[in-house]
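Right, one structure below, let's go through it.
FYI, it's all coordinate maths here, none of it is from the lab. Quick caveat: nothing in here was measured; it's all calculated off a predicted structure. Cβ placement follows ideal geometry from the backbone for every residue including glycine, while neighbour counts extend to all protein chains displayed.
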Amino acid sequence: MKNNMLPLNENYIQRIKSKYNDEQQEAIFVDKVSALVSAGAGSGKTAVLSERTIALLKAGFDISRILILTFTDNAAQNMKIRIKAKISEDKDGDIKEAEKYVSGADIMTFDSFNRKLAIKYGSYLGLESGYEIINDSALNVIKFNYIKSFLDEKIEQKDPDILFVLDRFTNKDYKPIVTLISEIYEKIDLLVDPEKELEKFIAEPIYKNIDEVYQYHFDNIMRYLNEYYKEMHALFNNDEKMLKKIEDFKNAYSRANDYSELKIISQTLKAINKPRGIDDLTYAEFQAIKKRSFEKYKDLIGIIDKDQFIKIEENYKGFYIKIFNFVKDLFNYLNRYKEEQRKFTFQDISHKILHLLKTNEEIRLELKNHYQEIMVDEYQDNSDIQEEMIDLLENDNLFLVGDIKQSIYRFRNANPKLFSTRYNDYKEGRRKGIVIDMNKNYRSSPAVINDVNYLFARIMSQNFGGIEYDDKQKMSSENAMYKGKTYYNELKVVSDNGDRPLETELNAIADDIKKKISTGIYDYKDFAIILDRSTEFDDIIEIMTKNGIPVAANYNGNLLDKVISNLLIDIVKILACFSNNDFWSADFKNSFVAISRSYIIGLSDEEIENYISTNSQHQTPWVVDLFGLYSEMRGRTTYEIFEASLSQLNVLNSILKDENYSVDLVILEKIEDYIKELSSLNYGFNDIIDYFEDIKENNISSKGKFLSEKTNAVTLINTFLSKGLEYRHCYFPYLYKEYNEKETVSALIFSTKYGIMHKFAEEDFNVDKFNSDNYLNPIKELDKIDSLNQGRQEKVRLLYVALTRPKESFTIVRFIKNKKNDEAPKSIDQIKCLEGLLDYSGFFEYMGRRKANTEIVENKKEKLFENIDYHFSYEELSEKEIEEIFSKKKDIYITASSSSVHSDTGVLLKGTKLHEMFENIDLKNPQLDKNEENYIFISKFLNCGLLDDIKDADVYQEFAFVDNENNTTGIIDLLLVYQDKIKIIDYKTKNLDDPHYIEQLHTYRNAIRQYFGENIAIETYLYSIIDGVYKSI
C-alpha cells in the first residue's frame, strides 16, 4: 500500500486480501490520515465500512471510541448487525469482547448523535430537565400566525414600507409577504450560524456585487449570440450572400463591451432573415437555431439597466430592513416559545450542539480526543451544519464514504459541493487527506454497467453533475454470478395516435412482463417500474391492473388529500361542535353527512336525507353515543377524547376491512400524532380545525411514506425511494415528461446568496406601457438560472441512481409522437426532461444500432441463479458479502434486537401503534389497558393457544439473523425456544394464504436449524393480527 497501514496481524491481512479488491483493501487498511472513499453504485461501500470497523478493533481501537454516522436509522441498525456478525465469525477471537458493546456503540444518525450530546451536556445547553421533538407542522402554524399578527399590526399602523410593497404586488392581500418571511426564516435556519447571517442582511440588505451580476448576464447573452452566429454560419457556409448577412450580424453585436452597450445595440439587432428558396429541411434547422439561441438572447436582454436597478433597489431598502428585522424577532419569539414548551426541532438541537462545540473548547477537545475514528456513510448527502460538526471534531481521523453521483437530496439541504470540494482538495493536496476511488460493481451485469458508463461519460462532468465521469469513475462489473451469461438492455419505442402516451408505454411494459413471466424464470417481484416522480402512480396502478399485472406501489404522498384524512378531520369537527353545543350549523351537518355516508358508519343516502330533512341529525344513534362519550370525558385532553372517539366509532376495524388499508393506517397514525402534539400545546378542538385549515391554506408540507404490502408484485417506485434497492429487471417510462421547473409565481422571493428579490411593478418606472418581460430583475433572473442549473444537475444524478438499480438488465421506453419529437438541445443545461438527456448523449442511437433483445440467451428452463427475493423482512446479500461475514464457515449468527430492520413495513405495520404493541408487550407478564383501542388485538393473540406454554420458553422478539445458506439477513417477529423444540411465529396483518409466506418461513426455519442443529424440532406459524387466528405451516 502507498499509504500508512493499520498494524494488523498477517493472518487477518491475508484473509482480507483474499476477499476484497485492491481499492477496498486500501480503504479497510488506511491509517493516520483522513480518507474520502468515492464509492460507485454497487461497489460494496457498506461491506467496506463494516470491515474497516473490524480492522480498527483488531488494531487496538476501542468500539466505544469509534463514531459511525449514517443517513438513516435503518442503516445504523443494519451496520450494527453486520459488525456483530463479523466479530462473531472472526477466526482470531481477539476482538470477541467488543461484541457485547456494539449495540450501545455510537453508530447512529447525525440527529441521534446530536440528541446523545444534548443529554450528556444538557446542563451547558439548558436542557438538563429534558425536552421533546416538536412536530414541524405544528411549529409552522404557530409561525404563520405570528407573521400574520405582525402584518395586521403594521397595516393598522399604516407602515409606509409595508404599504409600499402591498400597493405594488399584493392587491392588499399580504400572503406574498407572509410567504416571503416564512421562506427567509426556513432558509436562514438551515445555515451554520443563522443569527450571524441575519445580522449581515440587516446591515447590508441589498446585494452588493452588482457589477458581477451584470458581467455574468453580458457573458451569458454573448454566448447565445455567438452560438447563433456559429450555427447560422455552419448552416449557410456555401451561401455567400447569407454569409455576409451573418457576418454583419456578428459585427453589430460584437461592438458591445458591457451589458449597457449591448442593451442599446439590441434595440436595432434583428434576427437574420431566412433566404428565399431554401428547402424544408434547411428551413426547419434555421428555425430551430433561432429558437434555441436568438430567442434565449431576446429573453435575457429584457434585464433593466444597472443604474436604473440600483435606484429602484434603494426604494425597497426600507422594506428589506423591516422584513429582516422582523425575521430576527420571529427567531426570538419561536426560540422563547420552544424554550418555554421544552420542545425543539432536530435543527434546533443541531444548532445548540454546534454552538457548544464552537464556544466551549474544553468540550470540543474532549470529544475530539475521545473519538479515534469518525466514519460518515452517504457523505455526499451531508449538509453544511453536518460538515461543520465533523470539521470541529476531526483529528486526521475522518473516514468518509459516499458517491457524489448519487447525491439527490437537495430538498433535504444536502450540499454535493462539500463532497466535490473535499475530493478535489484531497486529490490536489490543498487539504491533508487521501481519495480512494471504488468503482468495481458487484450488483449489476456487464450489460447494465457498460451502458451506464457509455451514457454518463457523455452527460456527467465536473461542471454538470459535480464530478468528471472519467476512467476513475467508470464502473466495471465484477460479480462472478454473471460470468458466462448474456443479458441485453432494450430500447422499446412506442407510438400512439391518442393523447395518453403513458398508457401506451405501460401497455407495452405489461406485454413485456407477461412475455418474461411466461418463460418461467421470472416472478412479478423481479420487476420494477421506476419514475422520477410519483404524481402518476394512481393512473399507473389502474392501467397495470387492467392488464392483469399486480403492482406494489411505494411512494411519498400528501397525507391530507386522502378520503380518510377528511373523515378524521370531520370527527374532530363533530367534537368541536359538541364543545360549542352546536348541532345545527353547516359544519356539523357537512361532517355528519360525510361520516354517516362513509365506511365507518355506512348509512344509506335515504337515511341521511331523512335525518337532515327532519333536523334530527343529533338523534342519530352514532351521534348520541359519541356525544355521551364526550360528555363523560369533559375535562380530559383533546387527544384522549379523540382516541376514545376513534374506539367508539370502531375506526380502526373499519379501515382494516378495506383491501387498501395500509395507506389509511399510515394516515391514521399521522393524524393521531398531529392531534397528540397539538393537545400537548393545549389546543382545543376548534384550534385543531384551524390548524388543519392553516396547513392547507399555506401549503405546509404534510407528507407520509406509503409502502405496499403485496409480496409478489411488480414494484412501482420513484427514484428517490429506489436508492439502495435493486431489482432483476427495471423499466423506465415517462421520460418525456418535463422537469417540474415552474417559476415561482410569487412577486417576492429570497435566497441566502442574493437576499430578497422582487418582480418589478409598473410603479417602479415612468413609462406609458409596462411589459414585465422587458423589465426583468437581474438578480432574480440570475437566481432563477442558478436554481435551474442545480436542479438539472441533480436530474443527471437522479438518472444515474435509477439506471444503477437493475441487476441483470433494463428497458428504456421511449414514446414517439406522431410528429417528430422536439430536437435535442445543443447545450446540456437547456435540457428539460430525462428523454432529452438520453437524446443529447446519443444513447437512443447507440442502443438502436445494436439488436435490442431482452430475452436471456441460454436455456430458458434453467434458473439463471438462485437469488431469492421474497420482499419480506430480510436484507439480500451478495456472495461476496456473505463470504466477508462468514469467512466461508457454514454457520450462522443470530442476535435479539429491540429495533427492526424490516423491509416490508406495510405487512408488519411498522411504526403503527398496533405493531409497536406486538413488539414491546411482555408476553410472559402482559400488562394490558382495556381502554386502549388495540387491546382486543393483543388479547386475541395472548389467548389464541400459541402461547399456552410460553412460561417454559425463552422469548425473543424481533430476532435478527444472518444466514449464509440463503444469502440473507433478517428479522423473525417472535422466536420461542424450548428445551425440546422451537416455535417461529410470523405476524401478518390479515391474509395468511399467500404462497410466498411458506417460502419465507422455510427461509427462517433453515436459518434457525443451522444455529440449533439439524435435529431440533421446529414449528412455524403465521398469525393474523386482524382475525386473531393462526396457521401452522
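May I ask for the net charge around ASN774, where only other residues with Cβ less than 13 Å from the Cβ of ASN774 are counted and Lys, Arg are +1 while Asp, Glu are -1?
-3
Does the stretch 560-707 come out rounded, prolate or oblate, given a ≥ b ≥ c as the square roots of the eigenvalues of its C-alpha gyration tensor, rounded meaning a/c under 1.5 and, failing that, prolate meaning a/b above b/c?
It comes out oblate by the Cα gyration axes.
If you plug each phi of the stretch 329-342 into the Karplus form 6.51 cos²θ - 1.76 cosθ + 1.60 with θ = phi - 60°, what whole-Hz ³J(HN,Hα) values come out, in order, with x for Gly and Pro?
5, 5, 4, 5, 4, 5, 5, 5, 4, 5, 5, 5, 7, 6
Counting only C-alpha contacts under 8 Å and six or more residues apart, can you give the relative contact order of the chain as a whole percent? All intermediate terms of the calculation are to be shown ahead of the outcome.
Working: 1476 pairs, mean separation 156.8, N = 1033.
With pairs under 8 Å counted, the relative contact order is 15 percent.
For the pairs LYS270/LYS817; LYS417/LYS742; LYS154/LYS187, flag any whose C-alpha to C-alpha distance is greater than 28 Å.
LYS270/LYS817
Could you point to the label whose value was computed as Rg/Rh (Cα atoms, Kirkwood Rh) for the structure here, given (1) 1.05; (2) 0.97; (3) 1.34?
(2)
Tell me, TRP622, TRP584 in order of fewest to most beta-carbon neighbours within 10 Å?
Working: TRP622 18, TRP584 10.
Least crowded to most crowded, the residues run TRP584, TRP622.
Multiplying the sequence separation of VAL563 and VAL493 by 0.36 nm and subtracting their Cα-Cα distance, what value in nm do you get?
Result for the pair: 21.4 nm of gain on full extension.
Apply the Karplus parameterisation 6.51 cos²θ - 1.76 cosθ + 1.60, with θ equal to phi minus 60°, to every residue of the stretch 1022-1033 and state each ³J(HN,Hα) to the nearest whole Hz, in sequence, with x for glycine and proline.
9, 10, 8, 4, 6, 8, x, 10, 10, 9, 7, 10
Where does each of 394-401, 479-486 land if you order them by average Cβ count within 10 Å, highest first?
On the way: 394-401: 19.1, 479-486: 14.2.
The peptides rank, most packed first, as 394-401, 479-486.
Which of LYS472, LYS91 has the fewest other C-beta atoms within 10 Å, and how do the rest follow up to the most?
Ranking LYS472, LYS91 by Cβ neighbours within 10 Å, fewest first, gives LYS91, LYS472.
Determine ³J(HN,Hα), in whole Hz, for all residues of the stretch 792-805 in sequence, where each value follows from phi through the Karplus function 6.51 cos²θ - 1.76 cosθ + 1.60 and θ = phi - 60°; x replaces Gly and Pro.
6, 5, 5, 5, 4, 5, 4, 5, 4, 4, 4, 6, 9, 7
Could you pull out every residue, at least 5 positions away or on a different chain, whose amide H is within less than 5 Å of the one on VAL493? Hs are placed 1.01 Å off N in the peptide plane, and Pro or chain starts have none.
Hits under the 5 Å cutoff: ARG814.
Fewest to most neighbouring Cβ within 10 Å: what's the order for PHE201, PHE164, PHE844, PHE411?
Listing PHE201, PHE164, PHE844, PHE411 from fewest to most nearby Cβ atoms yields PHE411, PHE164, PHE844, PHE201.
Could you list which residues have their amide H under 5 Å from that of THR1020, counting only those 5 or more apart in sequence or on another chain, with H placed in the peptide plane?
It is ILE984, ILE1033, by chain and number.
Which percent, nearest 5, of DSSP beta bridges in the chain are antiparallel?
40 percent
What residues have an amide H closer than 5 Å to that of ILE467, excluding those fewer than 5 places away on the same chain, when H is modeled at 1.01 Å from N in the peptide plane?
SER461, GLN462
Going 7 Å from the Cα of ASN650 in the Cα-to-Cβ direction, what parts of the stretch 616-638 have a backbone nitrogen less than 16 Å from that spot?
621-626
Tell me the relative contact order for the stretch 309-425 as a rounded percent, counting alpha carbon contacts under 8 Å between residues six or more apart.
Once normalised by length, the contact order is 22 percent.
Report the relative contact order of the stretch 560-707, percent, no decimals, based on alpha-carbon pairs under 8 angstrom and at least 6 residues apart.
Taking the mean separation of contacting Cα pairs over the length of the stretch 560-707, I get 28 percent.
Starting from the Cα-Cα distance between SER1032 and ILE936, subtract it from 0.36 nm times their residue separation and give me the gain in nm to one decimal.
Result for the pair: 32.3 nm of gain on full extension.
Of the listed pairs LYS116/LYS143; LYS148/LYS196; LYS245/LYS311, which have alpha-carbon separations greater than 31 Å here?
LYS245/LYS311
Among the listed pairs LYS368/LYS676; LYS45/LYS562; LYS784/LYS807; LYS296/LYS795; LYS17/LYS983; LYS485/LYS737, which have their C-alpha atoms separated by more than 31 angstrom in this model? Kindly include the intermediate steps, with their values, before the conclusion.
Working: LYS368/LYS676 39 Å; LYS45/LYS562 39 Å; LYS784/LYS807 38 Å; LYS296/LYS795 22 Å; LYS17/LYS983 41 Å; LYS485/LYS737 35 Å.
Table pairs above 31 Å Cα-Cα are LYS368/LYS676; LYS45/LYS562; LYS784/LYS807; LYS17/LYS983; LYS485/LYS737.
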